[in-house]
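The values are calculated or read from the model by the stated rules, or taken from the named source; none is laboratory data. These numbers come from a predicted model, not from an experiment. Positions of Cβ are generated from backbone atoms using ideal geometry, with glycine treated the same way; all protein chains shown enter the neighbour counts.
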Amino acid sequence: MDVTETLEETAGIVRLALPLMAKHGISITPKNYTTWYYYVSGKNKELQEAIDSIIEKKEPFSEKTNEMLYQHFFADKYENTLNEIGENLQEALSVIVVELAEISGQTKKYESTVLKSIDKLTENMSVQYIKAVLNDVVDATRDIRTSGEMMQQSLKETRETLKVLQEEFKQAKTELLIDFLTGVLNRKGFDETLARTTNETSDFLCLLIIDIDHFKKFNDVYGHIVGDEVLRFVAKNIQKSIRGNDYVARFGGEEFTVILPKTPLLGAVTVAGNVRTSTAKLKLEKKANAEKLGKITVSIGAAQYRPGESTETLIKRADQALYFAKNAGRNRVATESEVANQFK
């Protein structure tokens, strides 16, 4: 959504986009909605030409086609989109003030709330903070009581527009924190989650760093497409080995991390052992010709959080344990205690 548009224009685009999606059998997901919103708005000429070409050829909008359109035109632009929304949201809120000032009998109180919200907006606004500002505006709008059908309808449309903005912020935030290839948290998502969980914990917390053994050699032999499948396969296997309140992230390349809240080091070693053994049992083969792809193993380092230490220090200790496991022959789990004992 381009927040420089008026609320009336925004509502008009939404009313056109949704029926078009239904006409072409396109499910209303956040990604598909983003694509068709910008198609109808006319802001992206290349996107319009691409979709018009598909329609003219009478090709179906399959899931693959929808994903291709989204990835090509939007996936790499999410962060820029957030910044643009943060910079222009002041104008959108100002429009809302003017509209509601004309129809509300409580303009002074409402204007005071919204104008304070506008003043809170800064150039480098985080998604969470923008959402908080929007919540203030939605709450203030909800409290207004006016008479007349036209006034009530105008208020309803304003609230719905603000809710659309909130959902877009929520979806954009989620997309920014997920690794597209594997579906787990990316490095940014890992950093934010580790910072939050270490700040919130009053109990045990452990970190695992997992490395796929000899992945480069495997990648060189079978190619990057097969290598990507291995990464997805291992990520899915790790997710099956943890609890619902644990967090998996792709740390970079062939490395993954697992954040284990409320878990002492002994419990973390058990989880790591389950990941290691289940990975070694995976049977990988090419779908095309059933060619066996060999055995995949992982090395894992485990460390327990020490209250007051930085996240960088915790990561460093888990990483040292990982290298201890690799140097000891790979396909094994090592802890920070083993690293410490080698220097005694």
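Modelled with pLDDT of 95 or more and either over 29 Å from the mean Cα position of the chain (by Cα) or not assigned by TED's automatic domain parsing to the domain that holds Lys236 (or both): does that describe Val333? Here the answer is yes, as Val333 does meet what is asked. Note on the range 23-50: residues that are small (Gly, Ala, Ser) and outside any loop (DSSP other than H, G, I, E, B) total 2. For the range 276-288, check the following and say yes or no: at least one residue is farther than 27 Å from Glu338 by Cβ and among the aliphatic types (A, V, I, L, M). Within the range 276-288 (the criterion being farther than 27 Å from Glu338 by Cβ and among the aliphatic types (A, V, I, L, M)), the answer is yes, since at least one residue qualifies.
Residues that are at pLDDT 85 or above and of a type in the set (A, V, I, L, M) were ranked within the range 19-68; the one that is nearest to Ile178 (Cα to Cα) is Met68. For the range 258-277, a residue qualifies if it is within 13 Å of Ile210 (Cα to Cα) and either among the small types (Gly, Ala, Ser) or in contact with a Lys or Arg (Cβ under 8 Å, 6 or more places away or on another chain) (or both), and the qualifying residues are Ala268, Ala272, Gly273, Arg276. For the range 307-330, the candidate set comprises residues that are under 28 Å from the mean Cα position of the chain (by Cα) and basic (Lys, Arg); within that set, the residue that is surrounded by the fewest Cβ atoms within 10 Å (Cβ to Cβ) is Lys316.
Do we find a residue being farther than 23 Å from Phe215 by Cβ and touching an Asp or Glu at 6+ places or on another chain (Cβ under 8 Å) anywhere in the range 296-314? Yes, some residue in the range 296-314 is farther than 23 Å from Phe215 by Cβ and touching an Asp or Glu at 6+ places or on another chain (Cβ under 8 Å).
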